[in-house]
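Student: Pasting a structure here, questions to come.
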């Protein structure tokens with residue numbers, strides 16, 4: 001399984017590692033099969049993601065996906081961040097092996113859950129920002145029993 005230079009760079013030199021406290025939005029996603037866990041925290045000012053941090057327990061592809069995804073939304077309006085896709089994260093990393101594509105999906109879901117949390121904390125309907133892409137599975141597994 002060969003990783004691109006970009007994956008290796010974001011794995012060995014991850015950006016935005018840590019946790020914001022207090023955070024305006026928090027999202028957690030995980031994969032029951034592989035054990036990867038991601039936590040995204042957001043600071044949002046005037047509708048712009050001022051800062052974003054991640055904590056990820058997982059493989060190199062999971063860490064790289066978290067790092068890249070946070071870089072892709074930092075400084076962006078929440079409306080743009082809400083449109084982030086797992087495919088865009090994987091492409092920005094120069095591709096991921098098929099067995100690791102779920103890592104970019106976890107990053108997308110953790111960010112969208114953090115955005116949904118931000119909306120909920122403010123009494124807003126998350127669907128207004130996230131539309132149809134509001135994640136409903138807190139663990140992001142495909143056979144969720146929750």
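The values are calculated or read from the model by the stated rules, or taken from the named source; none is laboratory data. The structure presented is a predicted model; accordingly, all values stated were derived computationally and were not measured. Don't worry about glycine lacking a Cβ; one is built from the backbone with ideal geometry, like all the others, and counts go over all protein chains shown.
Student: Going through the stretch 77-99 one residue at a time, which ones are more than 14 Å from the chain's Cα centre (by Cα) and either assigned to a helix (DSSP H, G or I) or surrounded by fewer than 19 Cβ atoms within 10 Å (Cβ to Cβ) (or both)?
Tutor: 77, 79, 91, 94, 95, 97, 98, 99
Student: Would you be able to say whether some residue in the stretch 132-146 is touching a strand residue (DSSP E or B) at 6+ places or on another chain (Cβ under 6 Å) and modelled with pLDDT of 95 or more?
Tutor: At the first step, the residues of the stretch 132-146 found to be touching a strand residue (DSSP E or B) at 6+ places or on another chain (Cβ under 6 Å) are 139-140.
When the remaining residues are screened for being modelled with pLDDT of 95 or more, the result is none.
Scanning the stretch 132-146, I find no residue that is touching a strand residue (DSSP E or B) at 6+ places or on another chain (Cβ under 6 Å) and modelled with pLDDT of 95 or more, so the answer is no.
Student: Looking only at the stretch 36-89, count every residue that is in contact with a helix residue (DSSP H, G or I) (Cβ under 6 Å, 6 or more places away or on another chain) and on the phi > 0 side of the Ramachandran plot and tell me the total.
Tutor: 1
Student: Which one of the conditions (1) touching a helix residue (DSSP H, G or I) at 6+ places or on another chain (Cβ under 7 Å); (2) outside any strand (DSSP E or B); (3) touching a residue at least 60 places away in the same chain (Cβ under 8 Å); (4) surrounded by fewer than 22 Cβ atoms within 10 Å (Cβ to Cβ) does residue 130 fail to meet, given that it meets all the rest?
Tutor: Failed condition: (3).
Student: Six or more apart or on different chains, Cβ atoms under 8 Å: show the pairs whose first residue is in the stretch 92-116 and at positive phi and modelled with pLDDT of 95 or more and whose second is assigned to a helix (DSSP H, G or I) and surrounded by fewer than 24 Cβ atoms within 10 Å (Cβ to Cβ).
Tutor: That search, which allows pairs on different chains as well, returns 94/5; 94/6.
Student: Limited to the stretch 33-51, what total is found for residues that are in a strand (DSSP E or B), in contact (Cβ under 8 Å) with a residue 40 or more places away in the chain and either over 19 Å from residue 21 (Cα atoms) or under 11 Å from the mean Cα position of the chain (by Cα) (or both)?
Tutor: Residues meeting the conditions: 5.
Student: When only residues in the stretch 110-125 that are touching a helix residue (DSSP H, G or I) at 6+ places or on another chain (Cβ under 8 Å) and not in a loop (DSSP other than H, G, I, E, B) count, which is farthest from residue 31 (Cα to Cα)?
Tutor: 119
Student: Something else now. Please go through the stretch 1-22 and pick out each residue that is in contact (Cβ under 8 Å) with a residue 60 or more places away in the chain and either exposed (fewer than 14 other Cβ atoms within 10 Å of the Cβ) or part of a loop (DSSP other than H, G, I, E, B) (or both). Let's see the steps before the verdict.
Tutor: Taking the stretch 1-22 and keeping what is in contact (Cβ under 8 Å) with a residue 60 or more places away in the chain, we get 1-7, 10.
Passing the criteria: 1, 2, 3, 4, 5.
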